[in-house]
């Protein structure tokens, strides 16, 4: 493996799978830490705050500071701040996106918003969706933290945030803005925040359509690990290939 | 207008608009009644029972028996009975579809269904959708009462049943079965139930994609009225034209 300065990891399917750690990944990250190489966690999950994600990682034996955690919630809040700084925002979502918007001093409202921000919300209701639809029809911009149609669980696939954002978009006949992977926005934030060159960064993940495409669109190297949602076999069928395809991260020496 | 034996009316946008009656339609239906011509109401709304729809029509001054009311709930329940008679069915929906399935002695369950039936449900939750998704991934057949993406309200468009059925279908990567308009199933039920020829029937409605296409697919004459969701102008752009396009039903003499 080429020497990189910044290692960007997806979480579920890459560092852990549901409630189980993936040992090769945990070991790899520990070695990065010992060698004082930079690593980051890049997740489309907007439901958790950085502090909640940090705690979850610690339970798998991975030490990380909140500053090493980049979620779709954070990048979405930053985007809203930069493009709609003074706007009134109606939010569908859980802790993570609400916390991130709060950190960016976004003005959250229930009525007459200029922007509708949607993150995964397991308490979603018809009324929330109808409210989002009416706001968008009245001219509000529709922003989704991420476009994942489905999320893997131990029982099977459940609806992802993208499926609800697309529902609203279809009812209103608009194109939503998505900030999470595969949008390169998160990797660009990491690059800008730390002054890396793209050639010094690598994106590591199990999901081709989110993780690998994110790295490819951003323009850094990518590693596909065969420990999660999408098999190496399926990845081999894609036109744009990752830089590396491995079973797991034990194949690399640092 | 040609002489027909059976007049099939859409409801919202055709007989009334929200809470207001459409006078030309009410008068037309009264004349049908005086002349003892048959008329039926064909609605994609699966949330109300025939008795609730009958009461609603009466408030607009339209007399109809429950037997003249054909909803997507009724045709869906009949389809489930015929194709999955002994099956266990998980239902997302309101009074109308639950009543119709009950009338057909369908076995409704919460766990391990063979069929998932979805009608509009303004109490829909993430948990109900997730349950439907897992059931379909485990092999259950996905049936929607109707495929309407949006429903018009006085405030604007809100999500229709089709938008939720398509969400589940997309998460599970399956093709759902839809029974309401524009499927010709309801008109076929009316024809079979009363022994009409297709040439003796006419479908009257404001919505091209549901009402008019339903008549065209079934193979009867169609009347587009310019009193609802889709304007005559928009209808004129379509490749398949209705038999008649009118402002309202006062243009016809019976």
Review point. Can you list, shortest first in nanometers, how far residue A:23 lies from the same residue in the other copies, with each label 7 Å from Cα toward Cβ?
Key: 8.3
Exercise for review: Could you tell me the largest-minus-smallest coordinate of the C-alpha atoms of segment B:83-178 on each of the three principal axes, in descending order and whole angstroms?
Suggested key: 42, 31, 23
Check your understanding: What percent of all Cα-Cα pairs in the protein assembly as shown falls in each 20 Å bin, counting up from 0?
Key -> 21, 44, 26, 8, 0
Exercise for review: May I ask for the angle, rounded to the nearest 10°, between helix B:185-194 and the longest principal axis of chain B, with both axes built from Cα atoms and the value confined to 0 to 90°?
Suggested key: 60 degrees
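Just to be sure I understand: of the beta bridges DSSP finds with both ends in chain B, what percent are antiparallel, rounded to 5?
Numbers: 6 of 37 bridges.
Of the beta bridges lying entirely in chain B, close to 15 percent run antiparallel.
Share of antiparallel DSSP beta bridges in the protein assembly as shown, in percent to the nearest 5?
Working: 13 of 75 bridges.
The antiparallel fraction comes to roughly 15 percent.
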**Study point:** Relative contact order computed over segment A:99-152 (Cα-Cα under 8 Å; 6+ residues apart), in percent
**Key:** 45 percent
**Study point:** Label distances, nm, residue B:58 versus same residue in remaining copies, Cβ-directed 7 Å point
**Key:** 6.6
Check your understanding: Using alpha carbons only, how many degrees (0 to 90, rounded to 10) separate the axis of helix A:50-59 from the longest principal axis of chain A?
Key -> 40 degrees
Practice item. Report, for residue B:243, each distance to the same residue's label point in the other copies, shortest first and in nm; define the point 7 Å along Cα→Cβ. Key: 6.8
**Study point:** Residues A:251, A:34, sorted so that the one with the fewest Cβ neighbours within 10 Å comes first
**Key:** A:34, A:251
Review point. Taking the alpha-carbon centroid of each part, what is the distance from segment B:208-240 to segment B:108-125 in angstrom?
Key: 31 Å
Exercise for review: List the residue from chain A whose beta-carbon is nearest to the axis that rotates chain A onto chain B, together with that distance in whole Å.
Suggested key: A:167, 3
Exercise for review: Among B:221, B:209, B:148, determine the one that fluctuates most according to a GNM of chain B built with springs between C-alpha atoms less than 10 Å apart.
Suggested key: B:209
Review point. What order do you get for B:201, B:118, A:1, B:123 when you list them from fewest to most C-beta neighbours inside 10 Å?
Key: B:123, A:1, B:201, B:118
Check your understanding: Which residue, A:141, A:14, A:210, tops the fluctuation ranking in a GNM of chain A built on C-alpha contacts under 10 Å?
Key -> A:141
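Where both residues lie in segment A:73-178, what percent of DSSP beta bridges are antiparallel, nearest 5? Show your work: numbers first, answer last.
On the way: 4 of 16 bridges.
Once the DSSP bridges in segment A:73-178 are tallied, antiparallel ones form about 25 percent.
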Check your understanding: Counting other C-beta atoms within 10 Å, which of A:31, A:76 has the fewest, and how do the rest follow?
Key -> A:31, A:76
Point to revise | Highest-MSF residue in chain A out of A:188, A:55, A:239 [GNM, Cα springs under 10 Å] | key: A:239
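Report relative contact order for chain A in percent, whole number only (criteria: Cα-Cα under 8 Å, sequence separation at least 6).
Values: 504 pairs, mean separation 51.0, N = 254.
Rounded, it is 20 percent for chain A.
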Check your understanding: Given the convex hull over the Cα atoms of segment A:2-65, what projected area results after averaging over all orientations, in nm²?
Key -> 4.4 nm²
Revision key, fill the gap. In Å, the C-alpha Rg and Dmax of chain B are 18.0, 55
Check your understanding: Any idea what Rg and Dmax come out to for segment B:1-116 if you just take the C-alpha atoms, in Å?
Key -> 16.4, 52
**Study point:** Using alpha-carbon coordinates, inclination of helix B:161-172 to the longest axis of chain B, degrees
**Key:** 30 degrees
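Values in this text are rule-based calculations from the coordinates and carry no lab data. As the structure is a computational prediction, the values presented were derived from the model and not from experiment. Neighbour counts run over all protein chains shown; Cβ positions are idealised from the backbone, glycine included.
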